[in-house]
Structure formats: C-alpha cells, structure tokens
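Take a look at the structure set out below.
The values are calculated or read from the model by the stated rules, or taken from the named source; none is laboratory data. Predicted model, so just to flag it, every value in this text is computed and none were measured. Cβ placement follows ideal geometry from the backbone for every residue including glycine, while neighbour counts extend to all protein chains displayed. Please note that ligands, DNA and RNA were not included when accessible areas were found on the heavy atoms of the full protein model with its side chains. Shrake-Rupley method; radii C 1.70, N 1.55, O 1.52, S 1.80 Å.
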Amino acid sequence: MYLDRDDELILAGEFGETRQRLMELLVGLGTVYGAERLIPIASAQISGASYKTIGDWGLQWLSSLDARAVVPAVLNPVGMDLERWQEMGISAEFARKQEDVVRVYRRLGIRLECTCTPYYLALTNYGDHLAWSESSAVCYANSVIGARTNREGGPSALAAALVGRTPYYGLHLVRNRRPNVAVRVEDAPEAPGDGWFGALGVLVGREVGAKIPFFSGIRPTRDNLKSLGAAMAATGAVALFHVDRITPETRVFPFETGDLETITVTAAEVEAVWSDLPVEAVALGCPHCSGEELARIAFLLDGRRTTKPLYVFAARRVIQEHADVVAAIERSGARVFADTCMVVSPALERYGAIMTNSGKGFAYLPGMCGAEARLAPVEDCIAEATS
Ligand code: F3S
C-alpha cells in the first residue's frame, strides 16, 4: 500500500505512540482489503461508547490512548442519558463507569453528541469520504446522502479520527457502489410509515445479507429511508442501498438492474412481521428521532396520558431544538432521553416484552435486552402506550 510522507512519519512514531499504533491498525486493515492508499476523511462517527457493550476491557483500551481527533468526530449513544440517568433507573455503579468512558472520549477530542444520527447535527455532503461505524448511520450516509464510508468497527473509526485518514477500499470506490440485487416491492401502501419500512428492512436484510439492494415500487421519505436502512443493517449487513429515482446515486449513475437477481416482497409479507404480542413498555427512536418524528409522536399523543412506560430517544441537540414538542410528549408521562438508546442502555432490560416501531430495535432487543420484541407502526405504539 502506498504511504505518503506524512503517513510514513506517523508510522515511524513522529506524532506519538498512540497515532503510531493506530496507523499500524489502519495500514493493516488497508493491506487486508487491498487498499492502494489512505485518503483524508471529512468526519468520523465512533461506536463502542456504551459501558454496557465495551465493559472494562474497552475502557482500559481507550484509557491507553493519548492523542486528539484531527477531524470532526462524534460519539455513538452511550448507556444512559448523561443528565437524567437516575430517572432511567441506571445504577450508580454503571453511571460511574459510563462517566469514565465519556471522560476518556472527551480527552481524545471526540464530540459528545452521543447519537447515531450525526447527519442531523452537521453538514455531511454528497461524495464526502467518512469513517463512520454505527451501522444505521453508515447506511444513511452512503445511501441517503451519497457520502462514502465503509462499515467501520469502533477502533478503526477512532483510529481514523485521530489520524484523519482511512484506507481507500470498499465503498469509498465508485465501482463498488453499484447495486447487486434488485428488490421489487409490490402493493406498497400510499404513504407507509416508519414501522412499515422497518418491517420491510427486517425482511430484506435477512434475504440480501451484505449485498447492495436496488429498490423499486416504494416512495420513501428521508425518515422512512432511515428506518429501512437501519433494519437492513441489523438483520443483514447492508451498508448501502439505492431506491429508484429517490436516493442520490440513482440520479447520477445509470444503474442497469435488468440482469440482477430479483427479490419480490409484497405488502402482505411486510405486514406479517407485525404481531400482537402483549408488551410491558414501548420504545421509539431507533435510530434517534428527527424533529419531524418527535412532532408526530406529540401529535399522536394528543394530550393523552400514558398507561405503560413510553421511552423516546433522540440526540440532545434535536431535543433542545424541539423543546416545545418534547415538553408536550413528556406531559403525557412519556420520557424523551438523550445520549442513549433502547438497545445500548441497560434501562430497558427490566421489561420482558417491548413494542417498537423500529426494525433495528425489533432485531436487537431480544439479544441486547433479553426482551421479546413487537414491531408495529408508530400509531399502534402510541395507542398501546396510552390504552
Ligand atoms: Fe441508534 Fe441505538 Fe438504534 S445506536 S440505530 S438507537 S440501536
């Protein structure tokens, strides 16, 4: 792999031992994947932030690093709302460990936005090279924005943040961004919501694995695309998808899909993913809610009181920018938490069954929280939480 003079100096230890170690990691990764060189990145997004997922070993490894990010770098959700963790029922012991993790990331110069939707906070442009690691954020950046990132692991995204570069392979190369499976959706409803797209993503992710699907027969909004990508990234390993005449690269590149393997999914198959499992709590905001999604939740609550715990998750800045809407949601008894989520926080482990409108939440809640999961449209989630 070609290394320029700066790369060589970092590798020789001229910019400190941490950057030397992390450069070794990036060069090793690039060598394995056949990268011809390293390229500069516009930003990094770093997973491996919740103490629940990284534990003491992760904290120890992070604590051994001594350098600061040289590009804008945002942290993924951590295990608790950093201000309201007591309200979430988080133990003081967990909170202390989580605060240690956050302190280390702050020292490394990582912005503590603690969100999987960094695209709501900072401008990320078409064609930008990124090193993002949370799988739904990766899928959104590649597919909806047309930026270019591989599905990084937490350590390689952090290495890229501290060095400012990433190996040039995989989805950074235009030739690797072509679709390789066609998905034809039949009888899609006129304006299906996020729960519908989450269920579609659950099905398609299972079918296509790590392929690049090209969808036809749907007209999703940006929030629908977010739900669809997150679910496919969870049940499969999709890092990029295209939707005919909707996502940006379908308008830039003349994709020919005639010869591709084709999967057909009907609306009836999508809706069969929904169930009527009895639940103890309802959780929304996986990925973190946009301002529009918060407004929709407030509208659906319509002044009613919750009868079951209703958790909503969003980035702190999105919550602050929509304070009136958040206040309306919380007047119902629901709680809107920042910095964390239904999967990476231990808070939801106390429930045996949880309802969500998120295909990704539906896929991960059983393994990560030990809860049975029920997937449904947001309207049904609100009805369940207030019935
Ligand atoms: Fe985000 Fe947590 Fe879901 S990181 S995509 S809200 S599992």
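A compact table of results
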| item | result |
| --- | --- |
| Close pairs (7 angstrom Cβ cut-off, 6 or more residues apart or separate chains): farther than 14 Å from Thr31 by Cβ in region 150-170, of a type in the set (Phe, Trp, Tyr) and open to solvent by less than 20 Å² (accessible area, probe 1.4 Å) anywhere | Glu152/Trp132; Ala157/Trp132 |
| Filtered residues of region 14-48 (kept if open to solvent by 80 Å² or more (accessible area, probe 1.4 Å) and either closer than 30 Å to Val343 by Cα or of a type outside the set (Ser, Thr, Tyr) (or both)) | Glu14, Phe15, Glu17, Glu24, Val32, Glu36, Arg37, Pro40 |
| Residues (within 16 Å of the ligand (Cβ to nearest atom) and open to solvent by less than 10 Å² (accessible area, probe 1.4 Å)) located in region 141-151 | Ala141, Asn142, Ser143, Thr149 |
| Among residues of region 202-217, those that are over 16 Å from Arg178 (Cα atoms) and either open to solvent by less than 10 Å² (accessible area, probe 1.4 Å) or within 16 Å of the ligand (Cβ to nearest atom) (or both), counted | 3 |
| Qualifying residues in region 26-47 (those that are within 16 Å of the ligand (Cβ to nearest atom) and either at pLDDT below 95 or among the hydrophobic types (A, V, I, L, M, F, W, C) (or both)) - the one nearest to Asn125 (Cα to Cα) | Ala44 |
| Looking only at region 63-118, and only at residues there that are in contact with a strand residue (DSSP E or B) (Cβ under 6 Å, 6 or more places away or on another chain) and charged (D, E, K, R), the one that is farthest from the ligand (Cβ to nearest atom) | Arg111 |
| Scan of region 302-346 for residues that are open to solvent by 40 Å² or more (accessible area, probe 1.4 Å) and within 20 Å of Ile46 (Cα to Cα), ordered by number | Arg316, Arg317 |
| All positions within region 223-282 that are open to solvent by less than 10 Å² (accessible area, probe 1.4 Å), in a loop (DSSP other than H, G, I, E, B) and more than 12 Å from Val208 (Cα to Cα) | Thr247 |
| Pairs, first on the phi < 0 side of the Ramachandran plot in region 362-375, second in a helix (DSSP H, G or I) and open to solvent by 60 Å² or more (accessible area, probe 1.4 Å), C-beta under 8 Å, six or more apart | Cys369/Glu349; Ala371/Glu349; Glu372/Pro366; Ala373/Pro366 |
| Qualifying residue in region 130-139 (condition: part of a loop (DSSP other than H, G, I, E, B), away from the ligand (no atom under 16 Å from the Cβ), open to solvent by 10 Å² or more (accessible area, probe 1.4 Å) and within 29 Å of Glu24 (Cβ to Cβ)) | no |
